[in-house]
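Please read the structure below before turning to the comments.
Rule-based calculations on the coordinates, nothing more; no lab input. All of these numbers come straight from a predicted model, not from anything done at the bench. Methodologically, a virtual Cβ is constructed for each residue, glycine included, from the backbone with ideal geometry; neighbour enumeration extends over all protein chains shown.
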Amino acid sequence: MNEPATTAGLRDRIGRVDRDRVLRWTRDNGVYVALVLIILYNLAFTPLFVTWDNLSVQLVLATKVIVVSLGMAMVIGTGGIDLSVGAVMALSGALLVQFSAVPEVVAILVALLAGALVGLLNGSLVSIVGVQPIVATLAFLFAGRSIAQLLLTGMNPSIRNETLILQISSGSILGVSGLIVAALVAAVIVLAVMRRTTFGRRVLAVGDNHRASFLSGVPVNRTLIGVYILSGVLAAWAGVMDTASITSANALSSGLNYELFAITAVVVGGTPLTGGRVRVIGTVAAAVLMQLLKSTLVFHSATDAIAQIVTAVVIVAAVYIQRARARA
């Protein structure tokens with residue numbers, strides 16, 4: 001008499017296991033499948049879209065989001081968030097102009113140092129003072145852009161004679177744009193940090209469980225500060241790339257909404273907002289996917305409003321998959 005009930009229970013457990021596997025596979029590989037599908041769609045329905053020249057342009061357009069997203073992925077991996085990245089981009093561009101009289105390498109280092117200092121401030125507020133990450137970084141979201149505007153007041157924002165800075169955007173290595181190379185180097189470094197270093201393992205441990213990490217001897221505060229510093233440096237590097245690509249600094253538009261673009265890439269790439277996991281390659285793929293999706297809609301005469309709605313649907317789907325997997 002118990003056999004039908006036992007069989008039904010077994011089928012139910014098998015069904016749950018299969019659903020769990022599907023959710024796990026979708027979370028881990030969905031962004032790559034979507035990337036392949038959008039390329040296949042454009043091969044079939046968008047003339048001249050899938051050519052080396054156009055794909056190169058699309059990758060160049062995605063590079064700054066990629067770099068910012070790499071830092072954001074590490075921050076979210078600890079269970080935090082960094083809303084200051086766009087303002088840091090604007091600040092670094094303004095500093096390049098402010099220090100145009102010194103050697104270019106020094107100017108770039110000053111811009112990166114500024115990003116590191118902002119990260120140090122954010123990380124200290126989060127880890128030592130105990131301020132919520134969204135509040136701590138929101139403060140510089142407003143202050144950073146205002147500081148950049150003050151630095152550019154009464155100055156010529158153009159980058160004209162700084163050949164090294166301009167070479168980042170106009171130069172190439174083996175036929176590959178300097179901006180793509182700059183983003184690729186950043187991605188390789190972050191991937192190596194997360195997979196090959198003790199610091200990377202600590203980031204995941206802190207994101208998985210702050211208190212357990214502290215009790216097991218992990219330097220939680222130092223790890224959090226380090227993550228925010230890296231996020232600030234990467235955002236500053238993206239600001240240098242942005243300034244090089246438009247040959248000028250613009251405190252109002254540089255990095256505008258990049259914190260949202262970065263969060264989108266991180267979430268769609270498979271990194272959970274709850275922390276404990278960082279998908280570096282998935283984040284890069286998601287940044288490229290969102291750029292291709294936007295360009296595809298533009299090629300087919302979709303309005304900006306439609307593009308934003310589609311982006312919102314993608315984000316909601318990615319978050320749903322993460323939450324469904326967490327409940328499974």
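Rounded to the nearest 20, the size of the Cβ-charge dipole of the chain about its Cα centre is 1000 debye, with Lys and Arg at +1 and Asp and Glu at -1. Residues whose amide H falls under 5 Å from that of Ser248, counting only those 5 or more places apart or on a different chain, are Ile159, with hydrogens built in the peptide plane. Protection proxy ranking, highest mean first, for peptides 297-309, 145-157: 145-157, 297-309, where packing is the per-residue count of other beta-carbon atoms within 10 Å, averaged. The residues Leu40, Leu166, Leu55, when put in order of fewest to most other Cβ atoms within 10 Å, stand as Leu40, Leu55, Leu166. Below 8 Å between Cα atoms, with a sequence gap of 6+, how large is the relative contact order for segment 34-327 in percent? Once normalised by length, the contact order is 35 percent. Here Ser100, Ser231, Ser69 are placed in order of increasing Cβ neighbour count within 10 Å, fewest first, which gives Ser100, Ser231, Ser69. Note on the chain: with a GNM built from Cα contacts shorter than 10 Å, the maximum mean-square fluctuation among Leu273, Leu224, Leu293 falls on Leu293. Annotation for Thr274 and Leu48: the two label points, set 7 Å from Cα along the Cα-Cβ direction, are 4.9 nm apart. A Gaussian network model of the chain, with springs between Cα atoms under 10 Å, assigns the largest mean-square fluctuation among Ala249, Ala111, Ala317 to Ala317. Over the chain, dividing the summed -39,500 (n - 2.57) contributions of all DSSP H runs of at least 4 residues by the number of residues returns a 222 nm mean residue ellipticity of -26000 deg cm²/dmol.
Neighbour counting of Cβ atoms within 10 Å sorts the residues Asp28, Asp53, fewest neighbours leading, into Asp53, Asp28. Between the amide H of Ser172 and those of Gly178, distances stay under 5 Å, these residues lying 5 or more places away or on another chain, with hydrogens modeled in the peptide plane. Against the main long axis of the alpha-carbon atoms of the chain, helix 304-327 sits at an angle near 50°. Can you list the residues of segment 287-301 with backbone N under 18 Å from a point 7 Å past the Cα of Val57, pointing along Cα to Cβ? 288-301, by backbone N distance to the label point. Rounded to the nearest Hz, the phi-derived 3J(HN,Hα) couplings of segment 196-209 under the Karplus curve 6.51 cos²θ - 1.76 cosθ + 1.60 (θ = phi - 60°) are 10, 10, 5, 4, x, 5, 5, 4, 5, 5, 5, x, 6, 6, where x marks glycine and proline. Residue by residue, segment 270-277 carries 3J(HN,Hα) couplings of x, 7, x, 5, 7, x, x, 7 Hz when phi is fed to the Karplus relation 6.51 cos²θ - 1.76 cosθ + 1.60 (θ = phi - 60°); x denotes Gly or Pro. For Ile281 and Val176, the FRET efficiency from 1/(1 + (r/R0)^6), where r spans their Cβ atoms and R0 equals 22 Å, is about 0.75. Our coupling estimate for segment 110-121, obtained by passing each phi through the Karplus curve with A = 6.51, B = -1.76, C = 1.60 and θ = phi - 60°, is 4, 4, 5, 5, 4, x, 5, 5, 4, x, 4, 5 Hz, Gly and Pro reported as x. Comparing Leu35, Leu252, Leu174 in a Gaussian network model of the chain where C-alpha atoms under 10 Å apart are linked, the largest mean-square fluctuation is found at Leu174.
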